[in-house]
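A short worksheet on the structure shown next.
The values are calculated or read from the model by the stated rules, or taken from the named source; none is laboratory data. Predicted model only: the values in this text are computed from it and were never measured. Virtual Cβ from ideal backbone geometry, glycine too; neighbours counted across all protein chains shown. For accessibility, only protein heavy atoms count, side chains too; no ligands or nucleic acids. Shrake-Rupley method; radii C 1.70, N 1.55, O 1.52, S 1.80 Å.
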Amino acid sequence: MLLEGVQSPKDLRTMSTSQLQRLASELRQSIIETTARTGGHIGASLGTVELTLALHRVYDTPHDKLLWDIGHQAYAHKLITGRLENFGTLRQLGGISGFLKRRESEYDVWEAGHASTSLSAALGLAKARDLMHANYRVVAVIGDGALTAGMAWEALNQIGHLKTPMVVVVNDNSMSIAPNVGAFSRYLTDLRSAPAYSRLKQEVEGLLEGIPVFGTQIKRTVERVKDLVHYAMLAGNVFEELGFRYFGPLDGHSLDALIPVLSNARDVNEPVIVHVITQKGKGYRPAEEHPGEFHGPGPFEVASGRFIKKSEPPSYSQVCSDTLIEIAKTDPTVVAITAAMPDGTKLDKFAAVFPDRFFDVGIAEQHAATFAAGLALAGMKPVFAVYSTFIQRAYDQVIHDVCHQDLPVVFAIDRAGLVGADGATHQGVFDVSFLRTVPNIEIAMGKDEGELRSLLSEALHRPHPVAIRYPRGSGQGIDLSGPIPPIAWGEAQWTFHGQDLTLVAFGPIYYTAAAVRELLQAQGYSVGLVNARFVKPLDTVTLTQVANTTKAIMTIEEHVISGGFGSAVVEWAHRDGIAIPIRIEGLPDEFIDHGPVNYYLNLYELDAEGLARKAQRWLDSLNIVHAEQ
Ligand SMILES: Cc1ncc(C[n+]2csc(CCOP(=O)(O)OP(=O)(O)O)c2C)c(N)n1
C-alpha cells in the first residue's frame, strides 16, 4: 500500500502522477471501508480525493494554509496528514472527529461544521499574512452548496474589494446534500457546460502575447485589443466581475488537469477562483447513484450499499413532516421551508405532496427566517424546519424580523439536544437559552412524538412566533393513528404528585425522569413528576401548586444549564418569591464532542441512575428524609 508509506503530504511531492492515481484509489478504499462501519460523510469525501492530493502536492502545507469549508469532505486530507492509523475511530467516542479539528493536526487550519465560513476565515489569514509580512499562501475549498449562503458572498465581496492574493477552489458537484438549488447554482451549471470559456480566453490572450510589438502605437493597440477581448470574455463571469481571476471549469478527478492549474493559480498575485467539477460519491457506485442518501449515512454493507438499519419507530423528523402534510391537506395556507435539509428534516415528503408549498432556500438560514416572516405577514402559515444548531445562524432574523413584528412563524426545531457522531459543532443545546430571551416567541417541547404532533398543530393557530423543539432520532413508538389530540397551550402536565421532591422535565427526557422517580420511590421517597412541555410561556400556575405541595424541585433537560429551562424556573421562583430549593440538571457550560448520546448522558449523570444518585445526595444535603428514615 502506497498510503501506508505516506507520513505527511511531503511524501506526495516526489510521487509521479500515476503513483498519485494509485494513492487516490487506496484512499477511496479506506474511506469506503471505514465509513461503512462508522457512518460519515462518505459522498463528499470520495469526491475530493484527487483535489486533496493535488492541493497538498502543489501547496507547501502546513506552512501554506489550506481551509476546508464545513470540513465534512476532508477524509482524504485526514488520511494523508498522519491520521491513517486512527482513521478507524472516525466519529467514535474518543476517536478522530468527522470534521476538522485543530487539536488533531497542524494541517487542520480551520475548524467548522457549519457551512460557508471558510472564505471569511481565509481572507482573515491572508490579510494577517500581509500585515505581518509573512509568506504563506492561503487556499480555501468551498462547495457549490456552501456558496448558496450569504456569508460566502459577504467574503467574496470583500476579497474582490481588497484584492488580497488567495485562492478559492469552488468544488462544484451540483449537489448540496440534496441537489443544489437556486439561481447561482443554475449559473454554475451554465459555466460548467461552457468549458470552452477559459480555453478560448487563454488562446486569445496567448495569441495576443505572440504578436511582436514594435513602437508604442502598436503596443497600445494590442493592449486595447486585449482589454476588449478581456471584457468580451468576462461578460457573464460573475467571479471575474467580482475581482477574481477565474480558472476552470476543470475536471476535479484529473490530476493532470488539477496540478498545473493549481500551480498557476497559486502564483497569481491576486484573488483567484479555481472552479473544479467533481462527482459526489466518486468511485463507489451506490454513492454515485444515490448521492443524497450517501451524503452522511450511518453504517452500510460495502458490497450492496445497503444501509444497516435497526427497525425503529418513525423519527421525530418524520412525524413532523407527516403532521404538516396532514394539516396542510385542509389548510392551504401552510407552507414548509428548509435551508438545504429536505432529507434530514424529512420535508422531502411534504415536497412530494405539495411541491408549490415547499421551499428549499439553499444553505440560507437567515434568508429562510425572513422569508418566512414575509409569508406570515401576508397571511400564510410558514413552518421553517431547521436543526437547532443551524438556527443559530438566523438569530438576528428571528429577533428582528420575526419576533419584533410578532409574526406567526413556526420554527420546527429539529435535532434539539445531543446529536452524537457529528459532535461539538452540531449539538442542539443552546436554542432555549438564546430564544427564550426574545419577546413574543413561544417555546415548547413535547415528551414524545405524540405531543410533537399536537404541539405543531396548535402552533399553527398561535398569533405569535413559536418554536417547537424535538430531538434527533426515533420517537417513543407512540400510536399516531387517529386525529391529532389537542393540547392545552401553555399548560404543563402534572403526572404524579409527591411530597419530598418533584421532578420537572422538559422534552423526551421526561421518560428518564419517570425512571428516576421509580428509583427514588423504591428508596421510599415520595416523588412527583411534571411534563413541562412549555418553557415560554412557563406554566407558573402549575409550578406554584407544585411548590406548595413538595419540598424541593429538580428540573431536568438535555440542554445547557445556562439560560435553559431550569434557569427559567429559577427566574420565576426568584421573581415570585417562591422559597423552595430548586436544582437544575442539564448540560455543562462546555462544547461536547462526538460520541454516543447515551455516553454523554451517563458522563454528566443525566441518565436515570445518575440523576437518582444526584437527587438523593441533594435531598440528604437538604435534610429531606423519606418516610422510612
Ligand atoms: C449553516 C449550515 N447549514 C446546513 C448545513 C448542513 N450541511 C452540511 S453539508 C451540506 C451540503 C454542502 O454542500 P456543498 O458545500 O456543495 O458540499 P458537498 O457536500 O456537496 O461537497 C449541508 C447543507 C451546514 N453544515 N451548515
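Quick notes on this structure:
- Criterion applied to 405, 397 was being over 13 Å from residue 338 (Cα atoms), in the same structural domain as residue 462 (by TED's automatic domain parsing), within 16 Å of the ligand (Cβ to nearest atom) and touching a residue at least 24 places away in the same chain (Cβ under 8 Å), and the one residue passing it is 397.
- Evaluation of residue 91 against the conditions (1) charged (D, E, K, R); (2) without any contact (Cβ under 8 Å) to a residue 40 or more places away in the chain; (3) within 16 Å of the ligand (Cβ to nearest atom) shows that the sole unmet condition is (2).
- Inside region 600-613, residues that are in contact (Cβ under 8 Å) with a residue 24 or more places away in the chain and open to solvent by 90 Å² or more (accessible area, probe 1.4 Å) make up a count of 1.
- Test: residue in region 363-371 that is within 16 Å of the ligand (Cβ to nearest atom), in a loop (DSSP other than H, G, I, E, B), open to solvent by 20 Å² or more (accessible area, probe 1.4 Å) and modelled with pLDDT of 95 or more: yes
- Pick from region 35-61, criterion open to solvent by less than 10 Å² (accessible area, probe 1.4 Å), outside any helix (DSSP H, G or I) and within 14 Å of the ligand (Cβ to nearest atom), ranking: nearest to residue 172 (Cα to Cα): 48
- Failed criterion for residue 315 (all others in (1) surrounded by 19 or more Cβ atoms within 10 Å (Cβ to Cβ); (2) within 16 Å of the ligand (Cβ to nearest atom) hold): (2)
- Options 185, 118, 193: the member that is at pLDDT below 95 and within 16 Å of the ligand (Cβ to nearest atom): 185
- Cβ separations smaller than 7 Å between residues 6+ apart or across chains give the following pairs from region 499-518 residues that are farther than 10 Å from residue 557 by Cβ and open to solvent by 20 Å² or more (accessible area, probe 1.4 Å) to residues that are part of a helix (DSSP H, G or I) and among the aliphatic types (A, V, I, L, M): 512/608; 512/611; 515/608.
- Matching residues in region 180-193 - criterion: being in contact with a Pro (Cβ under 8 Å, 6 or more places away or on another chain) and surrounded by fewer than 19 Cβ atoms within 10 Å (Cβ to Cβ): 192
- Residue, nearest to residue 371 (Cα to Cα), within region 395-426, restricted to residues that are acidic (Asp, Glu) and under 13 Å from the mean Cα position of the chain (by Cα): 414
- Selection from region 418-444 of residues that are assigned to a loop (DSSP other than H, G, I, E, B) and away from the ligand (no atom under 16 Å from the Cβ): 418, 429, 437, 438, 439, 440, 441
- Subset of region 374-393 [more than 9 Å from the ligand (Cβ to nearest atom), in a helix (DSSP H, G or I) and surrounded by fewer than 24 Cβ atoms within 10 Å (Cβ to Cβ)]: 374, 375, 376, 377
- Only listed residue being part of a loop (DSSP other than H, G, I, E, B), at pLDDT 95 or above, over 17 Å from residue 168 (Cα atoms) and out of contact with any Lys or Arg (no Cβ under 8 Å at 6 or more places or on another chain), chosen from 71, 95: 95
- Only a single criterion out of (1) open to solvent by 30 Å² or more (accessible area, probe 1.4 Å); (2) under 18 Å from residue 271 (Cα atoms); (3) within 13 Å of the ligand (Cβ to nearest atom) is not satisfied by residue 111, namely (2).
- Lone qualifier among 349, 309, 381 - being in contact with a Leu (Cβ under 7 Å, 6 or more places away or on another chain) and charged (D, E, K, R): 381
- Filter result (assigned to a helix (DSSP H, G or I) and farther than 20 Å from residue 454 by Cβ) within region 306-353: 348, 351, 352, 353
- For the residues 177, 259, 211, the requirement of being modelled with pLDDT under 80 and either under 30 Å from residue 20 (Cβ atoms) or open to solvent by 40 Å² or more (accessible area, probe 1.4 Å) (or both) singles out 211.
- When each of 48, 81, 34 is tested for being closer than 25 Å to residue 111 by Cβ and in contact with a strand residue (DSSP E or B) (Cβ under 8 Å, 6 or more places away or on another chain), the lone residue that passes is 48.
Conditions tested, residue by residue: (1) part of a loop (DSSP other than H, G, I, E, B); (2) at pLDDT 95 or above; (3) buried (at least 19 other Cβ atoms within 10 Å of the Cβ); (4) not aromatic (Phe, Trp, Tyr).
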{"residue": "562", "(1), (2), (3), (4)": "yes, yes, no, yes"}
{"residue": "571", "(1), (2), (3), (4)": "no, yes, no, yes"}
{"residue": "575", "(1), (2), (3), (4)": "no, yes, no, yes"}
{"residue": "593", "(1), (2), (3), (4)": "yes, yes, no, yes"}
{"residue": "615", "(1), (2), (3), (4)": "no, yes, yes, yes"}
{"residue": "620", "(1), (2), (3), (4)": "no, yes, no, yes"}
{"residue": "626", "(1), (2), (3), (4)": "yes, no, no, yes"}
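- Any hit, region 446-461, residues being of a type in the set (Lys, Arg), under 23 Å from the mean Cα position of the chain (by Cα) and crowded, with 20+ Cβ neighbours inside 10 Å: no
- Every residue from region 343-362 that is within 12 Å of the ligand (Cβ to nearest atom) and either open to solvent by less than 10 Å² (accessible area, probe 1.4 Å) or polar (S, T, N, Q) (or both): 345, 362
- Restricting region 268-291 to residues that are closer than 16 Å to residue 48 by Cα and assigned to a loop (DSSP other than H, G, I, E, B), the residue that is nearest to the ligand (Cβ to nearest atom) is 280.
- From 459, 488, residue being at pLDDT 95 or above, of a type in the set (Gly, Ala, Ser) and assigned by TED's automatic domain parsing to the domain that holds residue 427: 459
- Of the residues making up region 462-498, those that are in contact with a Phe, Trp or Tyr (Cβ under 8 Å, 6 or more places away or on another chain), open to solvent by 60 Å² or more (accessible area, probe 1.4 Å) and under 21 Å from residue 607 (Cα atoms) are 472, 476.
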